[in-house]
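First up is the structure itself, then whatever we jot down about it.
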Amino acid sequence: MDLNFTKEELAFRDEVNRFIEENYDDEMRAAMARTRTGYIAKHLHIRWQKRLNEKGWLAPNWPQEYGGPGWTPVQRYIYDQTMAAAGAPIVVPFGPRMLAPVIMKFGTEAQKKKYLPDILASNTWWCQGYSEPGSGSDLASLQMKCEDKGDHFLCNGSKIWTSEAQHADMIFCLVRTAQTKKPQEGISFLLIDMKSPGVTVSPIITIDEPSAGMQEVNQVFFDDVKVPKENLVGEINQGWTCAKYLLEFERGNAYSGNLKRGLDRVRRMALAESIGGGLPLIQDPAFSARLAQAEIEIMALEMTELRILGQSRSGQNIGAASSILKTRGTELQQMVTELAADAVGYYLMPFNPLIEGANEPIIGPDYADGVAARYLNMRKVTIFAGSNEIQRNIMSKLILGL
Ligand SMILES: Cc1cc2nc3c(=O)[nH]c(=O)nc-3n(C[C@H](O)[C@H](O)[C@H](O)COP(=O)(O)OP(=O)(O)OC[C@H]3O[C@@H](n4cnc5c(N)ncnc54)[C@H](O)[C@@H]3O)c2cc1C
């Protein structure tokens, strides 16, 4: 693998940096400095995403025919790494990264025309309705009922842990359209307008959160919700195929750019924190060995990402390899936040809740701001998008053939 960039690739990196300089404004930077979840205020995400879209960069992984930039794998790598190094906002994944590939593969021409340009323009905000109370890892047991009423579907039930549902205009849902011996065979993939009568969003407050209104997850209730027939994606009772396909895109991300930035932050903390005798924490042999180990593991993940993502064409799914990236990426995310927690020592104890716009002075040095909230929030990553135990089951079956 030749990791030296060509002249054109270096010029592309400069262009990405220029874009960041010109478009990543102070308001976004202030919000990113205080996010614990990776999400910032919706209007800031929309502003950022619209700027990316004007440049043609909103959906690096889409095929060109649908509005992707047609980059080489190296350009995609440079883009990801450069954005992550600058700490730029994420593109909220539910529409562009997760739903769009399903519409491209299983949607009708009318659905492609209706939803894809809208996702690129960030006009519609999506959320994901897969999990239910009682159906998480065993997702195929889901029970949200969807009845065919002739000219429409009628939905009843609830979805849980629905990230960012309070901001969403639409939700893509897995619903039960038949009671079959094999539960996977009675599931359909349905798009539901969150403003439909009968939809209620109820916040779930987690350990890292200061109050409702800033929640990450919700429960969504559906009481006699009417859904137009044209909102079914793929065939009736074939939704499980769409569901699995979407999950490959949800899991198969590049994690290493953000991990490197997180580790740099820990390194700066370890230079500033003292272990007594005038020595900084970074000179503590046990701590510096842990830092080195994290760096080695992040480099190894970066090579794996290059190998797996570098082989795929834009818009192509990567199969069970997505479980490798998800498992290693999230384990290392937790490792980095644990290192940060240990680095700040006592300053982990006061809980600075990271409220955007809050003007209370933080306790301790600036770099301790939000370390506890981020540490607590990162407990989620080995659970969501399918827990890491489930990813290991997938790898053992589909990659190792056990
Ligand atoms: C912050 C956050 C955001 C989320 N966002 C969304 C969202 O937007 N939309 C959505 O639909 N869902 C979302 N989820 C839900 C997530 O997908 C589920 O939490 C996850 O699939 C696990 O399901 P569960 O919570 O029901 O745990 P369970 O399935 O009850 O699992 C409990 C434990 O048992 C283990 N386990 C279960 N079965 C097996 C097995 N067969 N082999 C080995 N171990 C097993 C699990 O690994 C886990 O440790 C989110 C979750 C979190 C924490």
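The values are calculated or read from the model by the stated rules, or taken from the named source; none is laboratory data. Source: prediction; values computed, not measured. Reconstructed Cβ throughout: ideal geometry from the backbone, glycine too, with neighbour counts over all protein chains shown. Accessible surface is based on the protein model in full, side chains and every heavy atom, while ligands, DNA and RNA are left aside. Shrake-Rupley method; radii C 1.70, N 1.55, O 1.52, S 1.80 Å.
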Residues in the stretch 32-46 that are buried (at least 18 other Cβ atoms within 10 Å of the Cβ) and free of Cβ contacts under 8 Å to residues at least 60 places away in the same chain: how many?
2
Would you mind stating whether Ile324 is aliphatic (A, V, I, L, M), at pLDDT below 95, in contact with a helix residue (DSSP H, G or I) (Cβ under 7 Å, 6 or more places away or on another chain) and surrounded by 17 or more Cβ atoms within 10 Å (Cβ to Cβ)?
no
Of (1) modelled with pLDDT of 95 or more; (2) crowded, with 20+ Cβ neighbours inside 10 Å; (3) more than 16 Å from the ligand (Cβ to nearest atom), Ala368 satisfies all except one. Which?
(1)
Name the residues in the stretch 72-117 that are aromatic (Phe, Trp, Tyr) and either at pLDDT 95 or above or in contact with a strand residue (DSSP E or B) (Cβ under 7 Å, 6 or more places away or on another chain) (or both), would you?
Tyr79, Phe94, Phe106, Tyr115
If I go through the stretch 192-210 residue by residue, how many of them are under 20 Å from the mean Cα position of the chain (by Cα) and either open to solvent by 60 Å² or more (accessible area, probe 1.4 Å) or under 18 Å from Trp126 (Cα atoms) (or both)?
3
Only one of Ile40, Ile20 is under 23 Å from Gln166 (Cα atoms) and out of contact with any Leu (no Cβ under 9 Å at 6 or more places or on another chain), namely Ile40
